[in-house]
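I have placed the structure first, in the form of structure tokens, so that the comments after it can refer back to it.
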Amino acid sequence: MRTRWHQLLRIRRDGRDPNSVVRRVVGGAGLATALSVIWGGAFVVQRAGLRDFDSLWFAAGRAVLAAAVFAPALWGSRQLSRRDHVVGAALGATNVAGFFALQLEGIRLLGAGPSAAIIYSQPMMVLLLATILLRESLTRVRLIGTSLGMLGVAIIATREWSTTSARGVIVLLLAALSWAMGTVVLRAIADRPLIPLLALQMLYGSLPLLAIALLHSQPPHFTWRATLSIAYAGVLATALGWLLLALLLRRRDAASVSATLYFVPVLGTLFGAVFLGEPLRIVMLVGLALVVTGVRLVTKPQRNRESTACRRALFPRAHSSKAPSGATGVASTHQSPIGDQSENESAQRRRRFGPHPGYDL
């Protein structure tokens with residue numbers, strides 16, 4: 001194994017230093033792990049804070065804190081056009097106002113674990129919306145992943161509907177749909193700078209939440225638990241979480257982003273059981289396993305040159321029959337026409353839309 005890593009560190013492919021590949025993979029794994037823990041813990045922290053706080057005011061406080069953190073990105077920015085402000089308003093309505101309010105109400109009604117599993121039907125919804133609205137191709141693997149994920153959500157939702165709260169199931173599914181719609185909007189305008197758009201979505205999303213909360217009721221009494229929960233949700237889960245996601249996207253590390261997505265519901269469920277005493281029933285575990293499998297299949301990135309170079313260095317015998325140096329795609333003599341077509345379609349989408357601001361569809 002030491003010899004293979006030595007080969008990996010010394011190999012040169014297309015004039016690029018594979019040391020940068022190793023550093024990028026390790027760094028991406030660290031960022032993805034941090035993001036998974038932060039987002040998984042957010043379900044438990046928000047559930048604890050909602051014991052002392054109204055869900056609408058909690059959503060408004062979370063959005064306002066995140067907008068304050070992102071405010072410097074808008075100060076003196078000359079890259080934003082009128083179209084960017086329109087897109088920011090749409091993202092604020094879907095990714096912030098709609099998602100925060102509905103998600104927090106669902107967490108209050110159902111708890112951390114079931115909420116995490118149901119919310120992460122979002123990747124499957126994104127795939128279906130992108131197929132319909134953006135004419136994205138729907139491969140066989142991702143169709144299977146969507147079916148498995150939705151089956152898992154249906155199992156969990158059916159149990160929670162009959163035993164806990166039908167309203168909680170409905171608002172969480174609406175929250176996942178709202179988040180999915182925002183992701184599709186981001187997918188359609190992938191040529192625009194991401195950080196200023198994130199700042200705009202926080203600004204435009206926090207204003208209606210704050211206004212509705214003021215009209216709905218008087219500001220509730222702040223306890224230490226509620227204050228710390230809102231601070232965690234606004235600063236860590238929202239502001240820092242989105243910045244970590246943007247950093248992963250800048251590194252073009254689709255594998256780490258997709259890994260983040262399918263680890264979050266697992267961590268949310270485990271944290272709920274450990275810290276809040278939520279029961280881990282067999283039905284819940286079966287549904288969660290199907291959801292995680294579906295998210296993994298739906299968000300699984302396409303092969304690229306760097307991952308192929310790493311595999312060749314680590315397992316040289318497995319890649320002894322490689323394609324000519326000028327060939328593109330995966331260097332295997334047994335590649336199927338379906339794989340060629342999928343890679344060609346992926347390349348055409350990137351030329352049209354640019355890098356994916358979320359995860360690779």
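I'm checking my understanding of the structure. Among residues of region 200-226 that are assigned to a helix (DSSP H, G or I) and touching an Asp or Glu at 6+ places or on another chain (Cβ under 6 Å), which one is nearest to A97 (Cα to Cα)?
Filtering first and then ranking leaves A226.
Could you identify the single residue in L138, L173, L177, L134 that is out of contact with any strand residue (DSSP E or B) (no Cβ under 7 Å at 6 or more places or on another chain) and over 20 Å from T94 (Cβ atoms)?
Just a single option satisfies the conditions, and that option is L138.
Take the residues in region 181-212 that are small (G, A, S) and surrounded by fewer than 23 Cβ atoms within 10 Å (Cβ to Cβ); name whichever of them is nearest to L245 (Cα to Cα).
This residue is A190.
Inside region 109-151, can you point out the residues that are among the charged types (D, E, K, R) and under 21 Å from P265 (Cβ atoms)?
R142
Does M202 satisfy the condition of being within 17 Å of A59 (Cα to Cα), out of contact with any strand residue (DSSP E or B) (no Cβ under 9 Å at 6 or more places or on another chain) and either assigned by TED's automatic domain parsing to the domain that holds L102 or modelled with pLDDT under 85 (or both)?
yes
Are any of the residues in region 250-259 modelled with pLDDT under 50 and on the phi < 0 side of the Ramachandran plot?
Scanning region 250-259 turns up no residue that is modelled with pLDDT under 50 and on the phi < 0 side of the Ramachandran plot.
Restricted to region 63-106, and to residues that are of a type in the set (V, I, T) and touching a residue at least 12 places away in the same chain (Cβ under 8 Å), which residue is nearest to T227 (Cα to Cα)?
V64
Being without any contact (Cβ under 8 Å) to a residue 60 or more places away in the chain and under 20 Å from the mean Cα position of the chain (by Cα), is that true of even one residue in region 185-197?
no
I'm told T333 meets every condition in (1) modelled with pLDDT under 90; (2) touching a Ser or Thr at 6+ places or on another chain (Cβ under 6 Å); (3) not in a loop (DSSP other than H, G, I, E, B) except one. Can you identify the failing condition by its number?
Here T333 meets the rest and fails (3).
The values are calculated or read from the model by the stated rules, or taken from the named source; none is laboratory data. Worth saying up front: this structure is predicted, and the values here are computed from it rather than measured. We place every Cβ from the backbone using ideal geometry, glycine too, and count neighbours over all the protein chains shown.
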